[in-house]
Every structure is written in C-alpha cells, then in structure tokens.
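The values are calculated or read from the model by the stated rules, or taken from the named source; none is laboratory data. Nothing here was measured: the structure is a model prediction, and the numbers come from that model. All Cβ positions, even for glycine, are placed from backbone atoms using ideal geometry, and neighbour counts span all protein chains on display. When the accessible area is computed, the model is the full protein with side chains, heavy atoms only, and any ligands, DNA or RNA have been set aside. Shrake-Rupley method; radii C 1.70, N 1.55, O 1.52, S 1.80 Å.
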Amino acid sequence: MSTTAERKAQKALQYLQSAREVAAEMERLRGALGETSLPAGERRRIGDDLNDATIRLCNLISLAMGEIDQSGEASLRARFNQVLDQVRGRWVELHLGQMADRVRQIDRVVAETLSSGLCRLGLARRLEQAFSEVRATLEAMGTEPVEGLEPGYLDDLSSRISVLATLETDTFGLLDLNRPRGR
C-alpha cells in the first residue's frame, strides 16, 4: 500500500472511530428519550441533540467514505466496509423511522403551503436545507428504499419544494426595493 493510501486509510479509520463515539452518544440520548418523566423542554433539547448527532454521524461516514474512495485500495475498501457495517447497522435501525417522519413533516408543510397559496419568506430555503440533510443522511446510510423513503417519492417532494421556492420568489420578488422602477 502506498503512503498516500496509508494516510487515507488512517484518516478514514479516525473518522470511523469518531463515528463510533457519536453512535454511542446517540444510543445514550435515545435511552434518555425513553424516560417517561422528562419535562417537555428537556425532551425537545435531547431530541435536538439526537438530530445534531445524526448529522455529525452522517458527515463522519461521508468523510470516511471519501477517503477510502480516494485511496483506490481494494483491500482497504473490504476492511473499511466491515467496520462501517458495524457502525451503520444500529444507526440505520434507529433512524430510518426518524428520517421517514422528517420527510412526512416536510411533505405536510409543502402541501399545506402550496394548497393555501400563502408563502412565508424563507420557508422554501429552510425546507430545501432540511430535505438535503435527509437525503445526505439516507445516502450515507446506504440502505435499500423503505416505505416513505422511496426514490420516486423523494424526487417528487424535491420537485414540489422547487415549485414552492419559485412561488416564494415570485411573491416576494415584487418587494425588491433595489430593483429599478418600471421593471
């Protein structure tokens, strides 16, 4: 193995070690959410922490995969996949339902906004960002499509978010004070 490949492998393994630590943190947070006596504010905070940890885990796995892909070493890929499967297994199990719920929430907001025709400035951008995070997470999970997360459905939702963004631009474009008069 070349020194470049060795450095890439080392970085990938460091990312995976960090991913394992984040996965352990997620398990702890998930356990804390199971406590029935938690006040609503604390439950929200823990839920937010769990969402943040999910995004961190997704990013770490993506970074590790990038390092492995750049190394070009088949033996390294096999070893990496074995370690990745250990990290990914429990994560996928825990979060596919959460991802499907998040997609349903985004879909509901898009549908309600499009059917009402009333736009809120910046809503489309926030929905695009949330949807992009879901897609990146699903890609990092590397799972087969499951109910509520089918590629066709996700593509359709992405198109409807784009329609909402266009509607928002058309609606609020009228308020562009920097635009010269008469245009």
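Select from the range 27-44 the residues that are within 18 Å of R102 (Cβ to Cβ) and open to solvent by 80 Å² or more (accessible area, probe 1.4 Å) and list them in ascending order. Within the range 27-44, R30, R43, R44 qualify. Taking the range 60-81, which residues are open to solvent by 80 Å² or more (accessible area, probe 1.4 Å), at pLDDT 75 or above and within 16 Å of Q17 (Cα to Cα)? Scanning the range 60-81 gives a single hit, L63.
Of the residues in the range 31-50, at least one is more than 30 Å from G152 (Cβ to Cβ) and modelled with pLDDT under 80. Only one of the numbered conditions (1) crowded, with 18+ Cβ neighbours inside 10 Å; (2) at pLDDT 85 or above; (3) more than 23 Å from L149 (Cα to Cα) is not met by V110, and that is (3).
Residues in the range 22-35 that are assigned to a helix (DSSP H, G or I) and in contact with a helix residue (DSSP H, G or I) (Cβ under 9 Å, 6 or more places away or on another chain): V22, A23, E25, M26, E27, L29, R30, A32, L33.
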